[in-house]
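Novice: Could you have a look at this structure, given as structure tokens, before my questions?
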Amino acid sequence: MENTDGTDDTVAHGYGSTDEVDPQGTGRAARRHEAVRAAVEQGLLDADVPLVALLDVTGIRESAAGLRAAFDAVTAPGTPVLHAFAVKASPLVPVLRLLREEGIGAEVASPGELALARAAGVEPERTVLDSPAKTPAELREALALGIAVNVDNPQELERLDALVAGSGSRSPIGIRVNPQVGGGAIEALSTATATSKFGVALRDEGAREWVVRAYLDRPWLTRLHTHSGSQGVALPMMARGVSEAYALAEEINRRAGRQQVDTLDIGGGLPVNFASEASTPTYGQYARVLRETVPGLFDGRYGLVTEFGRSLLAKHGTVVARVEYAKSAGGRPVAVTHAGVQVATRTVYAPESWPLRIAAYDAKGRPKEGPAVTQDVAGPACFAGDLLARGQELPLLEQGDYAAALDTGAYYFAHHYAYNSLPRPAIHGFVPDSTGAITFATVRRAQTIEEIVAESGTTHTDALTALPS
């Protein structure tokens, strides 16, 4: 199944039918079952620790290898290719370190994300700075380190004019353009609409000529960036955005009389299938669509940069929550758990766009058996809409069981929302050994109540009462 307009609702959840067979998905599910059971057996989950997040290290390595192989298969030998992970998808230093080991760099969009990438050991030459609101200090730091910079707008380019002069910086610099090819099924994530806040709107009056002149006047502009993908956008639409940027690069080089633009940063945004275990679409599928749509992109004349995030990690994370109470309302069973809006903010506030599959496990962490029952899976926050799942069919969850939110490895447990001052859960990576036994490693420890209090201004307790009345 492949939609071409980028708006079909199935794209919001990824490609592929729910009964599609995926060998990697089968292996991933088996590892997850063993990890949940082991987490209970090893005390990572119990009555006193009712919420934990698990990361499948084997699966992450497989995704990174799949990304590299997909582009190796379509690029000319010797083509420089940098796959830069979008740090916003998982701002966790151990994850960035693992990806670095797998040959993946970092795409950062804030001083904090840059600091995380540096802490993980990601080299400056494998780091890309993107942001629509870079400060002078951020730009100076990037230039001093030799980090690639994608310029968002004319005012930022004017700022760089002053900073680049005499700096001797080795930073590759390019302009981000918005090809304005349209949006996908999730409006808030669509970056290539007519009025997107990102980049130079290429179809606006005079914009294309301005971009070309900007390059002709600045020999140090050697890259061109676009990002048309996101959850809810079909592959052909993503490829059309890349095609527009490629055509612009060709025009710039033709008018310059030389190959001034030597690298195209094509962004990321590969959708993820949240409807089943299948990993669709694949990097291989996207690479092939790109090759068919923009064959010149892969003939060796241009280096490539990608910025994938969600698609590298989503399928490899699981949030597991203990069922504290099982009740009924209006004749519908409700499992009240410790996972809600604080870990699944998008799902709770926009469930139509961000539905999650829930897997049921018994009190010993084993997959629960029994007839499917329509039920709600609720979180702990004090508002009625704090639901992980509405009307989902599962074996009936009972007190002491566990509900696992699947495909949550990106943009979920690493993006805590402190509603009700709920603490951040611990995150543990896991790998099976040759016997299938699970070994865990702490990625981030659980937040303590003392840390919540400290972050809430306790060192300034009397600040307001000390003001003149």
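Novice: Please go through (1) touching a residue at least 60 places away in the same chain (Cβ under 8 Å); (2) assigned to a strand (DSSP E or B); (3) farther than 19 Å from Val74 by Cβ for Val305 and return the number of the only condition it doesn't satisfy.
Specialist: Tallying (1) touching a residue at least 60 places away in the same chain (Cβ under 8 Å); (2) assigned to a strand (DSSP E or B); (3) farther than 19 Å from Val74 by Cβ, Val305 fails exactly one: (3).
Novice: Same structure, new question: Which of the following residues is among the small types (Gly, Ala, Ser), modelled with pLDDT of 95 or more, surrounded by fewer than 19 Cβ atoms within 10 Å (Cβ to Cβ) and outside the structural domain of Ala119 (by TED's automatic domain parsing): Ala69, Ala47?
Specialist: Values: Ala69 fails: outside the structural domain of Ala119 (by TED's automatic domain parsing).
Being among the small types (Gly, Ala, Ser), modelled with pLDDT of 95 or more, surrounded by fewer than 19 Cβ atoms within 10 Å (Cβ to Cβ) and outside the structural domain of Ala119 (by TED's automatic domain parsing) holds for just one of Ala69, Ala47, which is Ala47.
Novice: How many residues does region 345-379 contain that are small (Gly, Ala, Ser) and under 18 Å from Ser276 (Cα atoms)?
Specialist: Residues that pass the stated criteria total 4.
Novice: With Ala414, Ala403, Ala389, Ala384 as the choices, which residue is within 13 Å of Leu51 (Cα to Cα), of a type outside the set (S, T, N, Q) and either at pLDDT 95 or above or not in a strand (DSSP E or B) (or both)? Write out each step before concluding.
Specialist: Values: Ala414 fails: within 13 Å of Leu51 (Cα to Cα); Ala389 fails: within 13 Å of Leu51 (Cα to Cα); Ala384 fails: within 13 Å of Leu51 (Cα to Cα).
Checking each option against the conditions leaves just Ala403.
Novice: What residue, of Gly105, Gly146, is surrounded by 22 or more Cβ atoms within 10 Å (Cβ to Cβ) and closer than 16 Å to Pro172 by Cβ?
Specialist: Selected residue: Gly105, the only one of Gly105, Gly146 that is surrounded by 22 or more Cβ atoms within 10 Å (Cβ to Cβ) and closer than 16 Å to Pro172 by Cβ.
Novice: Quick one: which residue in Val343, Val294, Val334 is of a type outside the set (Lys, Arg), crowded, with 24+ Cβ neighbours inside 10 Å and modelled with pLDDT of 95 or more? Spell out how you get there, then give the answer.
Specialist: Working: Val294 fails: crowded, with 24+ Cβ neighbours inside 10 Å; Val334 fails: crowded, with 24+ Cβ neighbours inside 10 Å.
Within the list Val343, Val294, Val334, the selection yields Val343.
Novice: Return the residues of region 346-368 that are surrounded by fewer than 18 Cβ atoms within 10 Å (Cβ to Cβ) and either in contact with a Gly (Cβ under 8 Å, 6 or more places away or on another chain) or among the hydrophobic types (A, V, I, L, M, F, W, C) (or both); say none if nothing qualifies.
Specialist: Selection gives Tyr349, Ala350, Ala363.
Novice: Hey, another quick one. Of the conditions (1) farther than 19 Å from Val128 by Cβ; (2) modelled with pLDDT of 95 or more; (3) out of contact with any Asp or Glu (no Cβ under 9 Å at 6 or more places or on another chain), Trp220 fails just one. Which one is it?
Specialist: (1)
Novice: OK, next. If Ala38 passes every condition in (1) assigned by TED's automatic domain parsing to the domain that holds Asp265; (2) touching a residue at least 60 places away in the same chain (Cβ under 8 Å); (3) not charged (D, E, K, R) but one, which one does it miss?
Specialist: Unmet for Ala38, out of (1) assigned by TED's automatic domain parsing to the domain that holds Asp265; (2) touching a residue at least 60 places away in the same chain (Cβ under 8 Å); (3) not charged (D, E, K, R): (1).
The values are calculated or read from the model by the stated rules, or taken from the named source; none is laboratory data. Please read all numbers here as calculations on a predicted model, not as lab measurements. FYI the Cβ positions are ideal-geometry reconstructions off the backbone, even for glycines, and counts take in every protein chain you see.
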